[in-house]
Amino acid sequence: MIEKAEEECSSLISEAMENMDEILDAGASSDTGLRITEELSRQKQNLENGYSDTEQADISNPDKTAGSEIRERMVLEYVRKWMLQLPAEYSALFFDAMNAVWGYEEVLCAMAEGFWYERGMVSEKVSDISFFQTPVKKKNQKMTIAAYYRNIKNGGAQRVVANLCNIWASLKDENGDPRYNVILITNEEPDDQTDIPEFPLNPSVTRVCLPDRELYIKRKYRTIYDIWYKIIDTYQIDVIIDSLWIAPYTLWDLLCIKGHPRRPAFLMHCHSFTCLPYKFIGSDAKSLLYEYQLSDGVVVLSECDKTLVSRFTGHCRQIINPMTFAADHSDFDRREPHSIVWTARISEEKQPLDLIYMTDRVVKEIPDVKLYIVGDGSDKLLAQMQDMIANRGLEHNIILTGFSDNVAEYYKKTSIMVVTSEFEGYPLVIGEAMAYGLPVISYDLPWVSFIADGRGILTVEQNRPDLMATEVIRLLSDSSLREQLSRDAYAHIEDLSAIDIGKEWSDLITDVLEHQDALPVKQDALSILMKYSTRFQDAAKTELKSNMNLMRQKLQNSYREKSRLNEKLQQTYSEKSKLNQKLQQTYAEKSEINRKLQQTYAEKSEINRKLQQTYAEKSEITRKKEEQEKRIQQLEKELQQTKQQYDDLVSSRTYQTALKVKKIIHPFQDKKS
């Protein structure tokens, strides 16, 4: 049944595409959108009429029927046509028609199934469609805002999300009532049993969980779509603040959320350097430019990032991350004199291996230096670090503390802090260290506002642990410089502490929901350069990807040919092995025959020997027989002579003489017999 339905579906889709092409070939007119919608409706009705009586379950998916499977396939075909073939003039009309006929859920899930890894193409395609442009106006009511991140433990971004939720939950309106209902959406359920605890939350914050996103991509995205809609409906969410700004599924969540009938606002919270996606292999940089445009607002952490993002959205704000520590003035006399602290998640972008190279140089000048590495993360990196420490004999100089929920302990007792990150957005560890008066030595991160300000911080070039070692030695050896940087750090933190972060977020949310205070998107030389250099870079990446795919295909063909030759070679080896086996068997049989032949020869030789011995014995017997015959002949002759003598005696003598003779002859007769 399914196979027959598939055949009929293919025929129906082919016919439908031809009819649609005829409408589009007729050219754009005032009623083109209506004609497209009517044609899609007619084709949908044909499909439903053809399969309404054949809703047989699909064996591979019990929740699906033959009709629903084919319906999804038809929508996917239309989405592909819209994405890849349709002229730009029909793009919005066709999209609106698909939504009107098939429903937004079917259209978005088909987009996710067919183009999950083509986010740059998808984001550009939908960026000018009015369906996604603005949220519904909402005034004079208590708002519900939801923050979304993977989890709230073991990381700077995680801590920021938890702290922001607490700030939003603590905000009051003019009557002293909570200004917002706050929802925290994570991919991990709260778990008190792990070694690494979650960052604390205000009790009024409601926790909601989305399942593991890696399991729900492409065709399976429909599950997440349904969960998002259920969350928005259940909690009546007005604003969703997504901190997973470079996750592969953020675009799909953005489109899902902005398509909900409630039309919640979507704010993107960028935790890191917004040029970072240019480092990635895929189309993340291009996709982000259009995601900025699709978002109702974007929050960045530096003036540098704001300069870029404001070219694509009118609601771009630079809002720093909330500080977790107030300034704590600690006397340097109470600190370990030659001590350093580094605190972060153990991961590649934090470049923790550089710490070992740095310390190896510092210890030559300051043998008693101590470096506390506070954090947990990649087991592979930790193992590498442990090996390097042991190989360089630095076990007494470098202490791997693991995760700590009391980092302040290390800020209070150490003399300086070092930062080796390749990139950061707004590293709270710098602010926290300076709140305790710690001077900071960091790899240069010129977009980071802490470093742009410069108070309390020294910088060296990226990937130069040797230069960092020089600065560490200088700072540990110069107490006056260290105390001056400490005073600067305190002043820096006091200025930042005066900023009302809750108010800045509240103002942005109000402006977005009431469509106020949106600045015009700048169209200057920088915006042109950013937009088109990004698009051209993406085109180059696409071409490179195409060439790589072609090379991969050629390589696969070569592998297949090599595999085929290997098969023949293996077959030849197998045949040769069989021949060798038969030859060995023949050699064995020949050897056995030779052995038996040698045995036969030996037996024959033994027989010949015995035969010769028999011949010798026979010859001896013959010789003895001849001797006996000769003796007998001699005795017979003597007997004849004796008989003759006897006869002579008988005739010539008397009887007595004869008797005597008889006595003489008698022994000879016995001997003869």
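Coordinate-derived values only; no laboratory data. Computed from a prediction, not measured in an experiment: that's the story for all the values here. Positions of Cβ are generated from backbone atoms using ideal geometry, with glycine treated the same way; all protein chains shown enter the neighbour counts.
For an R0 of 22 angstrom, estimate the FRET efficiency from the Cβ-Cβ distance between R455 and Y278 and round to the nearest 0.05.
Details: r = 30 Å, r/R0 = 1.35.
FRET efficiency, R455 to Y278: 0.15.
Just need the relative contact order of segment 134-320 here, percent rounded to a whole number, with Cα pairs under 8 Å and 6+ apart.
Values: 307 pairs, mean separation 35.4, N = 187.
19 percent.
At 222 nm, what value in deg cm²/dmol follows for the chain if DSSP H runs of at least 4 each add -39500 (n - 2.57) and the sum is divided by all its residues, to the nearest 500?
When only DSSP H runs of four or more count, the value is -19500 deg cm²/dmol.
As I understand it, the dipole of segment 525-672 uses +1 on the Cβ of Lys and Arg and -1 on the Cβ of Asp and Glu, about the Cα centre. Which of A616, L565, Q645 lies farthest toward its positive end?
L565
Place +1 on the Cβ of every Lys and Arg and -1 on the Cβ of every Asp and Glu in segment 265-309, take the dipole about the Cα centre, and give the residue among Y278, A265, L288 whose Cα lies farthest towards its positive end.
The Cα lying farthest towards the positive end belongs to Y278.
Which whole-number percent is the relative contact order of segment 178-224 (Cα, under 8 Å, 6+ apart)? All intermediate terms of the calculation are to be shown ahead of the outcome.
Numbers: 39 pairs, mean separation 19.6, N = 47.
Contact order relative to length: 42 percent.
Taking Cα centroids, how far is segment 276-330 from segment 186-210 in Å?
Answer, in whole Å: 25.
Kindly point out which whole DSSP H helices in the chain project their C-alpha atoms 30 angstrom or further along the helix axis while averaging a Kyte-Doolittle hydropathy of -1.0 or above. Can you show the working numbers first?
Values: long enough: 2-25 (34 Å, -0.43); 525-652 (180 Å, -1.48).
Flagged H segments are 2-25.
Please give the contour-minus-distance gain from L565 to E603: 0.36 nm per residue of separation, less the Cα-Cα distance, rounded to one decimal in nm. Walk me through the numbers on the way to the answer.
Working: separation 38, 0.36 × 38 = 13.68 nm, distance 5.52 nm.
Using 0.36 nm per residue and subtracting the Cα-Cα distance, I get 8.2 nm.
Just report the Cα centroid separation between segment 395-460 and segment 524-578, whole Å.
44 Å
In Å and on Cα atoms, what radius of gyration and Dmax does segment 196-293 show?
When restricted to Cα atoms, segment 196-293 yields Rg and Dmax of 14.7, 41 Å.
Please state the relative contact order of the chain as a whole percent: Cα pairs under 8 Å, 6+ residues apart?
Details: 877 pairs, mean separation 66.2, N = 673.
Contact order relative to length: 10 percent.
Could you list, in their original order, any pairs among K380/K413; K220/K554; K576/K596; K286/K306 whose Cα atoms are separated by more than 25 Å?
On the way: K380/K413 29 Å; K220/K554 32 Å; K576/K596 29 Å; K286/K306 17 Å.
From the list (K380/K413; K220/K554; K576/K596; K286/K306), the Cα-Cα distance tops 25 Å for K380/K413; K220/K554; K576/K596.
Got a sec? How would T534, T223 order by Cβ neighbour count within 10 Å, fewest to most? List each step's numbers first, then the result.
Working: T534 20, T223 14.
In increasing order of surrounding Cβ atoms, one gets T223, T534.
With no solvent and one point on each alpha carbon, what is the Debye value of log10 I(q)/I(0) for segment 525-672 at q = 0.16, 0.21 Å⁻¹?
-1.03, -1.20
Within segment 237-253, whose backbone N sits under 18 Å from a point 7 Å along Cα→Cβ of T510?
Under cut-off, by backbone N: 238-239.
Can you pull the three principal axis extents for the Cα set of segment 68-117, in Å, largest first?
Projected onto the principal axes, the Cα atoms of segment 68-117 cover 30, 25, 15 Å.
In whole angstrom, and with the biggest value first, how far do the Cα coordinates of segment 377-436 range along each principal axis?
35, 26, 19
What full-extension length gain, to one decimal in nm, is calculated for L526 and S347 as 0.36 nm per residue of separation minus the Cα-Cα distance?
Working: separation 179, 0.36 × 179 = 64.44 nm, distance 3.33 nm.
In short, 61.1 nm is gained.
Just rank H396, H260, fewest to most, by other beta-carbon atoms within 10 angstrom. Mind showing how you got there, number by number?
Working: H396 12, H260 17.
Exposure proxy ranking, most exposed first: H396, H260.
Show me the three semi-axes of the equivalent ellipsoid for the chain, from the C-alpha gyration tensor (sqrt of 5 times each eigenvalue), largest first, rounded to whole Å.
Numbers: eigenvalues 2063, 426, 104 Å².
After scaling each eigenvalue by five and taking roots: 102, 46, 23 Å.
Rounded, prolate or oblate, given the Cα gyration tensor of segment 134-320, with a/c below 1.5 counting as rounded?
Here segment 134-320 falls in the rounded category.
Taking Rh as the Kirkwood radius, which is the inverse of the mean 1/r over Cα pairs, what is the Rg/Rh value for segment 458-616? Before the final figure, lay out the partial values.
Values: Rg = 45.5 Å, Rh = 28.5 Å.
Reported Rg/Rh, Kirkwood definition of Rh: 1.60.
Assign unit charges at the C-beta atoms only (+1 for Lys and Arg, -1 for Asp and Glu), then state the dipole size of segment 525-672 relative to its Cα centre in Debye, rounded to the nearest 20. Present the calculation step by step, with values, prior to reporting the outcome.
Details: 33 positive and 19 negative charges, 151 e Å.
I would put it at about 720 debye.
What does the extension gain come out to for I499 and D648, with contour length at 0.36 nm per residue minus their alpha carbon separation?
Values: separation 149, 0.36 × 149 = 53.64 nm, distance 17.90 nm.
Once the chain is fully extended between I499 and D648, it gains 35.7 nm.
Taking the Cα centre of the chain as origin and charging only Cβ (+1 Lys, Arg; -1 Asp, Glu), how large is the dipole, in debye to the nearest 20? Please list the in-between numbers first.
On the way: 86 positive and 104 negative charges, 1306 e Å.
Computed about the Cα centre, the dipole is about 6280 debye.
Using every pair of alpha-carbon atoms in segment 332-498, split the distances into 10 Å bins beginning at 0 and state the percent of pairs per bin, rounded to integers.
Bin by bin from 0 Å, the calculated values are 11, 43, 38, 8, 0.
Between K44 and D173, what is the spin-label point distance in nm, taking each point 7 Å from the Cα along the Cα→C-beta axis?
3.9 nm
Compute for segment 243-365: radius of gyration divided by Kirkwood radius, i.e. Rg/Rh, restricted to C-alpha atoms, rounded to two decimals.
Values: Rg = 20.2 Å, Rh = 17.9 Å.
Result for segment 243-365 is an Rg/Rh of 1.13.
Within a 10 angstrom radius of the beta carbon, how do C304, C316 rank from fewest other beta carbons to most? Please report the intermediate quantities before stating the final value.
On the way: C304 18, C316 25.
Placing the least packed residue first, the sequence is C304, C316.
Could you give the nm distance between label points at D191 and Q628, where each point is 7 Å from its Cα heading toward the beta carbon?
It works out to 11.4 nm between the two label points.
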